[in-house]
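Written out below as C-alpha cells is the structure these notes cover.
The values are calculated or read from the model by the stated rules, or taken from the named source; none is laboratory data. Worth saying up front: this structure is predicted, and the values here are computed from it rather than measured. Here Cβ is always computed from backbone atoms with ideal geometry, including for glycine, and neighbour counts include all displayed protein chains.
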Amino acid sequence: MLDTVIFELAGRPVLLIDLVSSILGLGCVFLAGRNSKYNFWVGYLYTAALFFLFWNRNLYASLLLQPISLAINIMGHYRWTHPRAQEASSQDANSLKVSMLSWPERAYVVIALVLISSLWGWTLDHLFPADPHPYLDTVVTVLILLAQLLSALKKWDCWVIWLLVNVTQLALHISVGNVFMPIVSGLYLFNGLWSLYTWTKLYKNKA
C-alpha cells in the first residue's frame, strides 16, 4: 500500500511512502526547531517510514543504519526531558538547555565524519553493488546520524550539520532521478535556517 503511486510530478511517480515520510520528517524537524520535546514522538514514526522508503530506493547505507537512528532518538528523548542540574534550561528545570560544541570537539567531529564515511562507503560499494551512489549515500547517512546525535544532546551545531544534509540530499535525490524529494529538501533547508536562528536565541538565553 505504501508503494502506491498517488500522483506524478514532471513525469515521475510520487509514492504514498514519499509523501508520508516527507510529512513526518518535516513535522519532526519543525518541532525540534521550536524546542518541542514532541519531535521525538514524530521521529519514531519517521524512522519506520524511512526504513521502507530506503528499501524501495535501494539506498542500503541509509536502510541499515535506521536502527542506530532509532536508538539516538530514544536517547535524545530521555536527555531532553531529564537534564542534569547544570544542564537545565533557565525557563524549565525539566528541560535540557541548548549548548554548543567547543572548537576541539568540532575538529573531532570532522575527522570522525571523514573516516566513517570513507570506510562505510568502501564497505557498501563492495557488499551492495546495486546501490547507485554508495559514497554519496553514505555521506548523507553519516551526516544525518551526526545531526541527530547533536540534536539529541541539544547542541546548537546540529543545525549547521542539518543544513549540510539538506544540500547534500538535494544532490542525492536529483542524481537518482527523484523530482518530489528535492522540493521537500528545499523545505528542510528553509526550516534549518530558521531553526538555526531560533536556537541561537535559546543559547543566548540559556534556554
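The residues listed here are GLY33, GLY43, GLY27; of these, the one that is touching a Cys at 6+ places or on another chain (Cβ under 7 Å), of a type outside the set (Phe, Trp, Tyr) and at pLDDT 90 or above is GLY43. Selection of helices (runs of 4 or more DSSP H) fully inside segment 92-207 by the criterion of at least 3 residues being touching an Asp or Glu at 6+ places or on another chain (Cβ under 7 Å) returns 134-152. Residues that are within 19 Å of LEU143 (Cα to Cα) and either of a type in the set (Ser, Thr, Tyr) or surrounded by fewer than 17 Cβ atoms within 10 Å (Cβ to Cβ) (or both) occur at least once in segment 6-24. Checking each residue in segment 169-188 for being surrounded by 17 or more Cβ atoms within 10 Å (Cβ to Cβ) and out of contact with any His (no Cβ under 7 Å at 6 or more places or on another chain) picks out GLN169, LEU170, HIS173, ASN178, PHE180, VAL184, TYR188.
Taking first residues from segment 159-176 that are over 18 Å from LEU31 (Cβ atoms) and partners that are of a type in the set (S, T, N, Q), the Cβ contacts under 7 Å between residues at least 6 apart in sequence or on separate chains come to GLN169/SER185; LEU170/SER185; HIS173/SER185.
In segment 112-132, is there at least one residue being closer than 17 Å to SER69 by Cβ, surrounded by 17 or more Cβ atoms within 10 Å (Cβ to Cβ) and among the β-branched types (Val, Ile, Thr)? No, there is no match, as no residue in segment 112-132 is closer than 17 Å to SER69 by Cβ, surrounded by 17 or more Cβ atoms within 10 Å (Cβ to Cβ) and among the β-branched types (Val, Ile, Thr).
For every residue, the table says whether it meets (1) more than 16 Å from the chain's Cα centre (by Cα); (2) within 25 Å of ILE183 (Cα to Cα).
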site: GLY27; (1), (2): no, yes
site: ALA32; (1), (2): no, yes
site: TRP41; (1), (2): no, yes
site: TRP55; (1), (2): yes, yes
site: ASN58; (1), (2): yes, yes
site: HIS77; (1), (2): no, no
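Residue under question is PHE128, and the condition is that it be without any contact (Cβ under 8 Å) to a residue 24 or more places away in the chain and either out of contact with any Leu (no Cβ under 8 Å at 6 or more places or on another chain) or of a type in the set (D, E, K, R) (or both); does it hold? No, not satisfied.
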